[in-house]
Amino acid sequence: MRSRLAAPSARLALAAVAAVAVTAAAAGTATATADSRSATVRACATKDLSFKVSLKTQAGGYYLVTAKAKSGVTCYLEGVFPSASFGSSADTEVAPAEHAVSDRVTLSGSTAAYAGVNPKTTNDDFGKEFDFLHLSVAGDETNAVTLTLPETAKVDRPVATNWHSDPADAVPFAN
């Protein structure tokens, strides 16, 4: 009789230990997953960033776009050119000035990313004049921001560099 009573008690004890182990393992997995997610930096959306445009004279003149993460945001920009246009017609959309993807730029605090926009790559007097640049992170075009240019731009076949961590790498040399 004693062995019969001992067997259910042992099974209950074993089941209780197994339940505690499964619960602990599940909690450990949940904690590990949460920790790894918090350490993961996400891609920037246009709304995560503040932008500034300045006029540069190097390489025949271009606009340097500086992007910084807003307070409390940490995100990255892929090393591709921004989605930008000077107006609403297709001929004012910027094309890539570079043929390869650059390094990813992680933004947080005072760290900035830079892209150069050359509004005119043709060697003539033709073009349309604009006072604004519509810009967004590539893939987030529905949330574009409109930036006032420091001076009116004559636009004809505009190009933009990829995002870079060094402004010297964002000079859009005309081909």
Assuming 0.36 nm per residue, please report the length gained on full extension of the stretch residue 122 to residue 53 beyond their Cα-Cα distance. 22.6 nm
Report ³J(HN,Hα) in whole Hz for each residue of the stretch 111-120, in order, from the Karplus equation J = 6.51 cos²θ - 1.76 cosθ + 1.60 where θ = phi - 60°; Gly and Pro get x. 5, 10, 10, 10, 9, x, 10, 9, x, 9
Interchain or long-range residues, amide H under 5 Å from residue 149's placed H: 132, 133
Once all protein chains are kept in place, residue 54 shows an accessible area at probe 1.4 Å, nearest 10 Å², of 30
All-pairs alpha carbon distance profile, the stretch 113-175, 10 Å steps from 0, percent: 21, 47, 31, 2
Running Debye on the stretch 68-152 with equal point scatterers at the Cα sites and no solvent, what base-10 log of I(q)/I(0) appears at q = 0.13, 0.23, 0.25 Å⁻¹? -0.49, -1.28, -1.40
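In what order, largest first, do 156, 131 sit by accessible area if the probe radius is 1.4 Å?
Ranked list, largest accessible area first: 131, 156.
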What accessible surface, in Å², does a 1.4 Å probe find on residue 70, ignoring ligands, DNA and RNA and rounding to the nearest 10? 90
Viscosity 1.002 mPa s, temperature 20 °C: Stokes-Einstein D of the stretch 52-97 from its Kirkwood Cα radius, in µm² per second? 165
Which whole-Hz couplings ³J(HN,Hα) result when phi for each residue of the stretch 127-135 is put into the Karplus expression 6.51 cos²θ - 1.76 cosθ + 1.60, θ = phi - 60°, listed in order with x for Gly and Pro? x, 10, 9, 9, 10, 9, 10, 8, 9
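The values are calculated or read from the model by the stated rules, or taken from the named source; none is laboratory data. In this text, all values refer to a predicted model and were calculated from it rather than measured experimentally. We work out accessible area using only protein heavy atoms, side chains counted, and drop any ligands, DNA or RNA first. Shrake-Rupley method; radii C 1.70, N 1.55, O 1.52, S 1.80 Å.
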